[in-house]
Every structure is written in C-alpha cells, then in structure tokens.
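Reviewing the structure listed below.
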Amino acid sequence: MLKALIVDDIDDNLYFLRVLLTSSGFEVEAAHNGAEALALAGKVKPDLIITDLLMPVMDGFTLCQTCRTTPALSDIPIVVYTATYTDPEDEDLALNQGADLFLIKPMEPELLINTINDLMRRHAAGLQSRRPLLDPEEGLTRQYNSVLIHKLEDKLEELGTSQNKLKAILEGMSQGLITISSKGVIGAVNKRLEEMFGYDRAELIGQQVEMLVPKSIAALIEHNLCQHSARPSVVAVRLGMDLAGRRKDGTEFPIEAGLSYVDIGDGIETIGIISDVTERRRLEERLNQAQRLEAIGRLSGGIAHDFNNLLTVIIGQSSALLEDSQNESVLRAGLESINHAAERAAMLTTQLLAFSRRQVLQPKIMNLNTEVANLDKMLRRLIGEDIRISTSMAPDLWMIKADPGQIGQVIMNLTLNARDAMPDGGVLTVETQNIELNESSSPENCGAAPGSYVMLRVADTGLGMEQETMARIFDPFFTTKEQGKGTGLGLSTVHGIVTQSGGHICVDSEKERGSSFRIYLPRTIEFPKPPDAAEPEPISLRGCETILLVEDEPMVRKMMHTILKGQGYSVLTAGDFAEARSACIDHPGNIHLLLTDMVIPGGTGRTLSELIQQMRPGTRILYMSGYTESSILPHGVLGTGVNFLQKPFAPSQLAKKVRDVLDFSLF
C-alpha cells in the first residue's frame, strides 16, 4: 500500500484529502506545516507528498526545496495543491523549487485522484520529468522574494479592501457601536450612535461613558467580568436590563445594550452595541393595555350577560304591574321609578357590552357622511352655543359596512367628550376622509394594516391630556371628571365598537392644545341595497300560534312564558338544547316559532335553529341575547335577514317582535 503525506494548515482541507486518498488505496499521514512534514517524512518515508504553499513555520516552497536537497527524500513525488498562490509565476517558482505537479484548488475529486495516480504511474515507470533545481545565486532567491513581495502586496490590498468594507458595515449599522476602555473612556463610536445621542464623535471620544448613560455602567461591566475567573480574550455578555440613555439636549430615552469584553494586552476593552428601544417600549405598552382591556372586557361581558337577564325580569315585571295599577297612583309612582332605574341600568350594560365587544352588531352598507348629517341637529343641541362646529366631509366618501346605531353612538360619545373638554367654549371639528395606508404609514395609524379606509376625525380645542391620562383613556370606569359627572365608559365604549367593527382608533393630544381622535373603518366595495317598503304595523299583537321558548334562566323563562300566554299563544318551554330537541320531537302539532337565546346549555341557538328547521321546515326563528360569544356568533355580527331581540326588553317589545316575525319573517 502506498503512503501519502498531506501537508496543510487547515483541518478541513486535510480531512478532504485524507478521505479521497484513503478511498483510493493510500495510507495517509498528515502535517500542518513544512517543518512538521519534514520531521514526519523522515520517520514514515512516504511515497507521495501533497502540500499547500501558504503555511506557518515553513511554507510549501521551502518544503519542496528542502526535500529535493535531502538525499532520503529527494526522489519522492511532490504535488503542490494551492488556492493562494495561483499566478503563472507562482507555478514557475514551485516547479523550480522541486515540485512535480502544480494544481489549483478546488479541483473535482475524480480529476484530482486521476491526476495523482497518473503521476505515480509515470514516476514508477521512470517517465516523470522534473526541472533541475536552480542555484539560489542564479536567481532562485530573487524569484522567491519577488513572488512573496507580490503576494504581500495582494494581501495588503485585500486587507485595505476588507477594512473599508468593515468600516462601511460598522458605519451603516442600524444599532449604535461604542468602545469603552477599562477606565470608562469612550474610544470609538459609529454614525448611528452619533445620531442616537445627538453628538458628533469628536465630542464623545475621550469622554467618560457616563455622559451617555447616567446610570453608572462601570459597576455593571466589572460585575460581568468577575463572573469569569480567568482573564478573557473575548467574553460576550448580553444585557437584558433596561438602561436610560441621555441625549445631548438632556432628554432621556430607553436603550438596550449588548456588551463584549476583549483583552487588548494592557487592559480589557468593552465593545457595546446600543439599541434605541423607544418604539419597542411603546408597542409593549400598547400590547399590555390591549391585554388589560381584553381581561376587563371578558369580566364586563360576563357581568353584563347576567345583569341583562335580571333586568329583563325587572323591566318585564314592572311593566306588567304598571298596566295593572292604572288607578293606584302611589303604587304606580314607585313602579315607574323602578322601571326608569332598570332602563338606565340597561343603558349601562349596553356600554359594558360595547366596551367588551360582546354586543350583537347588525351591519349595513352605509355612508359615514349620511350618519354625521343625520346627527347634526342633535349634536348642536348637545354641545351648546359657546362651541362652534366645523365640518369637512369628503364629497366622494367610500362606503363602509357597520352598524349605523353603533357608529352613531361613537360619534355621540366623541362629541360629548369634546364638549366636556371645552368648558369655556371652542371649536369642534368633524371630518371624514378617504385614506390609503401603506407599509410606511400604517405604524403611525394605530397599527392598522395597509389598505383602504374611511377616516372619521373628531377634534377639539379644549384642555388636552398629558401622556399618563392618554395611556388610560380607553380603560373602563376611568374618568377625569368630577364625582358623579361621568361613568368612565364613554371612550371605552367607542374603543369597543370600533374594534368589533374591524376598525382602529388613534388619539393625539397635548395639554392645553386640545385632542384629536381618528377612527379608521375598512372600506367596502359593496353597494347599499334599496330600502325595503315600509311594513304595516300589525293590527293586533295577539296570536294563537305555538311558540317553542328556549331560555336557561328560570326567572326570564317564566316571565316570558307569562307574557306570551297572555297574548294568546301556546307556549312550549325548554331550559337547554336537549329539552328543546325533545319538545320538537314530542309535540304532535305545528311549532310556528322558535324563540331562543343565543347561548344555551348543551349547544347554541344557531345550531338549535338549524336542527329544528331540518325537523320542521318552515318554523320561523327569533334569536335573543344579552351578549354573544365570538364562538357563537363570529365578531358578534348577525347575517342578513336574521331576526334578533336585544335583552333586556319590555313586554310590549317582546309581543311586537314576535308578531312581526310571525307575520313578516324573511324565512
């Protein structure tokens, strides 16, 4: 078996050659430089030497010459395999120094091994020709030096190019770069750090780092280094802590630092990568606020759901008692107070549901200008004579798909909020506009995704707000008004309606400079349907049809049963999905109407209606709810032609809605 000695200072290159030669039947020894190869060659007596040229201690040129002038090694075939010395004069020098072949990396493995095998066959047959060694005095040393000088010039040029490239990279970084001596003195900075802190680098170099980071960073650096017992050559430490940077104008801003420590011989130098995290902190605060609102919203929605059931009973019973107490003036006054208080409580639960995005929306294709115009007279009465309204309505405003009643509530709440912010009068501006948001403008507009929007802007010239107040304005029950002069649900209601409608809301404000609320609602390409012909009022609210009433709250179910029976209907009752299904199967006659809550034990009102319409085609459906879960009704939006009754309701509202559905239902 032939022995090959491979010489290269790079382990990956040695590995490649070892695998290639071993698979071709060679026994392989390896060395990392010329001196090591000479020592090993004297011991193992190789049949072939393959060597790189650029190596430490002794290069390949010198190795070739030494082998040729050493009797025990002079006849060994030598292959130069290089990626650095590749010019014709490099090849000429290698062959003059005693190499048999000059090959340039990389080379296809099959071609490389075939070339080596061919060399070994020619050498064994005595056919391999080799140049005679040049006498150093006849020009070999001069040629060798010329090649080395040429290569050195190439390396210096390459180094200069690399330095320029490195400089361009450091100057173009999106993060600030700073070096700090062991004494806390700034040694170098890049352009981004200059921009971040507002200094020229000439003002920073030679100064203490505390001028940029008021909170002493020296103790922090010392602490990190103390975690390593030995003096490090390089130690990288990522700081996940919050630091405060100070700009040239004195303002402070949040930064994050990544630090590396390098031993430069006469001390440890710190290399810092500084990031301005102002925008990240703002987004984190927005996320925290959204999560806080979502948690409160879930609680509010659950409370409102249960409260609406109670109010349905209170309003229903008090309304029924009012009808029976026409001549009982003292009793009637008390009942009217109860009824009035229940209606006010119902308005409060409506606001809670709007905030928590649990109210049921009945969207229509609408023009926002029309809604503003419809509310104009009411708004002027609300704000008083000392406030002037300025309107700017886009004449070609795009259509939106939203619940007109909910959008009206948004405009009303923002107007009332603006009025309260201008106790001494001022100007209220209401503006509509078509807006196209792109990737660059979206972050400035409440995180709305790029696309087409209709913007509603309501602005005032009032008291304005500081940042602390702005951070909480959409929290429920938060108010800056005096005790008893506000529920703190106005703006949280606006936020809930806008969010559930698929929109976004932004606020800009400054103390004593007023506030501006911008609402972005997605554009729709649908067109509004022509208005339906007015339906005649029913001659009577009474009936004789059969109604299947499904309601899990016993008090509400009992009250509704009494009201419907009093109107002449036959009423079947069920408290959950299974009972309703059984009633549908067991009842021998017709069931003309299913009156069901949206949320029932064992299923949903929608799945129940689908089942009953399969079992009894033609049965009409009327849903009712105090709120809805997104899993029951995605985004709380009713489909076209769906009949719905919002809890709480009065007996007369229930009777009229049931009669309307039975007489004029779209089903």
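The values are calculated or read from the model by the stated rules, or taken from the named source; none is laboratory data. What you see is a predicted model; the values in this text were computed from it and never measured. For neighbour counting, all protein chains shown are included, and Cβ atoms are generated from backbone atoms with ideal geometry for every residue, glycine included.
What about Val7, is it hydrophobic (A, V, I, L, M, F, W, C) and surrounded by fewer than 19 Cβ atoms within 10 Å (Cβ to Cβ)?
no
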Within region 555-590, residues assigned to a strand (DSSP E or B) and either small (Gly, Ala, Ser) or not assigned by TED's automatic domain parsing to the domain that holds Thr607 (or both) come out as Ser570, Ala574
Between residues in region 453-465 that are closer than 13 Å to Ile505 by Cα and residues that are assigned to a loop (DSSP other than H, G, I, E, B), which pairs lie under 7 Å by C-beta distance while being six or more apart or on different chains? Val454/Leu397; Val454/Trp398
Considering region 395-425, residues that are closer than 15 Å to Leu463 by Cβ and in contact with an Asp or Glu (Cβ under 6 Å, 6 or more places away or on another chain), and then whichever is surrounded by the fewest Cβ atoms within 10 Å (Cβ to Cβ), we arrive at Gly425
Before we move on, is Leu608 assigned to a strand (DSSP E or B), closer than 24 Å to Phe649 by Cβ and touching a helix residue (DSSP H, G or I) at 6+ places or on another chain (Cβ under 6 Å)? no
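Could you tell me which of the residues Arg281, Arg238 is within 28 Å of Ile180 (Cβ to Cβ), modelled with pLDDT of 75 or more and among the basic types (Lys, Arg)?
Arg281
Here's the yes/no breakdown for (1) outside the structural domain of Ile116 (by TED's automatic domain parsing); (2) under 12 Å from Leu133 (Cα atoms); (3) surrounded by 20 or more Cβ atoms within 10 Å (Cβ to Cβ):
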| site | (1), (2), (3) |
| --- | --- |
| Pro56 | no, no, no |
| Thr69 | no, yes, no |
| Ala72 | no, no, no |
| Asp75 | no, no, no |
| Tyr85 | no, no, yes |
| Asp92 | no, yes, no |
Looking only at region 370-426, which residues are closer than 24 Å to Ile525 by Cα, out of contact with any Lys or Arg (no Cβ under 6 Å at 6 or more places or on another chain) and not in a helix (DSSP H, G or I)? Ser392, Met393, Ala394, Pro395, Asp396, Leu397, Met399, Ile400, Lys401, Ala402, Asp403
Are any residues in region 31-75 assigned to a loop (DSSP other than H, G, I, E, B), touching a residue at least 40 places away in the same chain (Cβ under 8 Å) and either on the phi > 0 side of the Ramachandran plot or out of contact with any Ser or Thr (no Cβ under 9 Å at 6 or more places or on another chain) (or both), and if so, which ones? Lys45, Pro46, Asp47, Met55, Pro56, Thr69
Could you look through region 1-30, keep only residues that are assigned to a loop (DSSP other than H, G, I, E, B) and under 18 Å from Met120 (Cβ atoms), and pick out the one that is modelled with the lowest pLDDT? Met1
Name every residue in region 544-581 that is loosely packed, with under 15 Cβ neighbours inside 10 Å and either within 48 Å of the chain's Cα centre (by Cα) or under 14 Å from Pro601 (Cβ atoms) (or both), in order of residue number. Pro554, Ala578
Answer with yes or no whether Thr596 is in contact with a Gly (Cβ under 7 Å, 6 or more places away or on another chain), at pLDDT below 85 and either outside the structural domain of Ser501 (by TED's automatic domain parsing) or crowded, with 19+ Cβ neighbours inside 10 Å (or both). no
Modelled with pLDDT of 85 or more, loosely packed, with under 12 Cβ neighbours inside 10 Å and under 60 Å from the mean Cα position of the chain (by Cα) - does that describe any residue in region 122-134? no
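Being more than 24 Å from Gln406 (Cβ to Cβ), outside the structural domain of Asn417 (by TED's automatic domain parsing) and either within 23 Å of the chain's Cα centre (by Cα) or at pLDDT below 65 (or both) is true for just one of Pro538, Pro531, Pro450. Which residue is that?
Sole residue among the options that is more than 24 Å from Gln406 (Cβ to Cβ), outside the structural domain of Asn417 (by TED's automatic domain parsing) and either within 23 Å of the chain's Cα centre (by Cα) or at pLDDT below 65 (or both): Pro538.
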Residue list for region 491-519, restricted to those being within 18 Å of Met412 (Cβ to Cβ), among the hydrophobic types (A, V, I, L, M, F, W, C) and surrounded by fewer than 21 Cβ atoms within 10 Å (Cβ to Cβ): Val507
Look at region 40-60 and say how many of its residues are more than 16 Å from Ile78 (Cα to Cα) and at pLDDT 90 or above. 1
Restricting attention to region 627-667, and to residues there that are farther than 19 Å from Ile314 by Cα and hydroxyl-bearing (Ser, Thr, Tyr), which single residue is modelled with the lowest pLDDT? Ser631
